[in-house]
1. Could you give every pair whose Cβ atoms fall below 8 Å, whose first residue belongs to region 94-112 and is closer than 16 Å to residue 150 by Cα, and whose second residue is surrounded by fewer than 20 Cβ atoms within 10 Å (Cβ to Cβ) and modelled with pLDDT of 95 or more, counting only separations of at least 6 or pairs across chains?
2. Can you tell me which condition residue 93 does not meet? The list is (1) at pLDDT 95 or above; (2) farther than 24 Å from residue 202 by Cα; (3) more than 14 Å from the chain's Cα centre (by Cα); (4) buried (at least 20 other Cβ atoms within 10 Å of the Cβ), and all the others hold.
3. Which of the residues that make up region 190-224 are part of a strand (DSSP E or B), under 15 Å from residue 80 (Cβ atoms) and without any contact (Cβ under 8 Å) to a residue 12 or more places away in the chain?
4. Tell me the residue from 203, 224 that is surrounded by fewer than 14 Cβ atoms within 10 Å (Cβ to Cβ), under 20 Å from residue 65 (Cα atoms) and at pLDDT 95 or above, please.
5. Select from region 114-159 the residues that are part of a loop (DSSP other than H, G, I, E, B) and crowded, with 20+ Cβ neighbours inside 10 Å and list them in ascending order.
6. Please go through region 170-189 and give me each residue that is buried (at least 16 other Cβ atoms within 10 Å of the Cβ) and not in a helix (DSSP H, G or I), ordered by number.
7. Here are some residues: 112, 180. Which one is under 18 Å from residue 56 (Cα atoms) and in contact with a strand residue (DSSP E or B) (Cβ under 9 Å, 6 or more places away or on another chain)?
């Protein structure tokens, strides 16, 4: 079963808490608490947050525009990236027929931490790190504590060529975490995203499907 997006109020609690909840490798292993309640429901001015860059592939002027909404903790999203996405990339993105945008969805702090690691080394390295995150999803999510999961993600960052200090700096960037959650919420509301993976193809919403169905939808829009 596909996971469903947390309610708006929960997203605010996730992103706008007064206390940061990332665990450090040198910190006690006690599980950090998700911010919640009236004390953490603070108003954040989006103008004060860093800009969240769109992550895209392909020709911006391509006849077919696809926006993928996915969560790094979603097994269906991992399966999509291992299968249909690779075919879409080779057959349509790399041939200039599809412009592809990836937007993260956050069900929980683990998905947010994974996004912060994926974006840590800039857009050029994003796609390679995402492949590592999805390919090892079961392993890095299998920690017994939040600290274990955080350290598993640090390990992915180091395997991608970053130092421990670089990964820690990204994971501890509270403003980036707030900006990512605010951007997620705005995009999800604008496109009425309720589950992952979800795809907007030339502005029309579709759920997960086999490559053959993607192929037909894309070809219909190229021919149209």
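1. 110/141
2. In the conditions (1) at pLDDT 95 or above; (2) farther than 24 Å from residue 202 by Cα; (3) more than 14 Å from the chain's Cα centre (by Cα); (4) buried (at least 20 other Cβ atoms within 10 Å of the Cβ), residue 93 misses (2) alone.
3. Passing the criteria: only 206.
4. On inspection, the qualifying residue turns out to be 203.
5. 119, 120, listed by residue number.
6. 173
7. Answer to the selection: 180.
For (1) at pLDDT 95 or above; (2) part of a strand (DSSP E or B); (3) more than 17 Å from the chain's Cα centre (by Cα); (4) surrounded by 12 or more Cβ atoms within 10 Å (Cβ to Cβ), each residue gets a yes or a no:
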{"site": "19", "(1), (2), (3), (4)": "no, no, yes, no"}
{"site": "24", "(1), (2), (3), (4)": "no, no, yes, yes"}
{"site": "27", "(1), (2), (3), (4)": "no, no, yes, no"}
{"site": "51", "(1), (2), (3), (4)": "no, no, no, no"}
{"site": "77", "(1), (2), (3), (4)": "yes, no, no, yes"}
{"site": "88", "(1), (2), (3), (4)": "yes, no, yes, yes"}
{"site": "107", "(1), (2), (3), (4)": "no, no, no, yes"}
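The values are calculated or read from the model by the stated rules, or taken from the named source; none is laboratory data. Remember, predicted model here, so these are calculated numbers, not experimental data. As a convention, Cβ positions derive from the backbone with ideal geometry for all residues, glycine included, and neighbour counts pool all protein chains shown.
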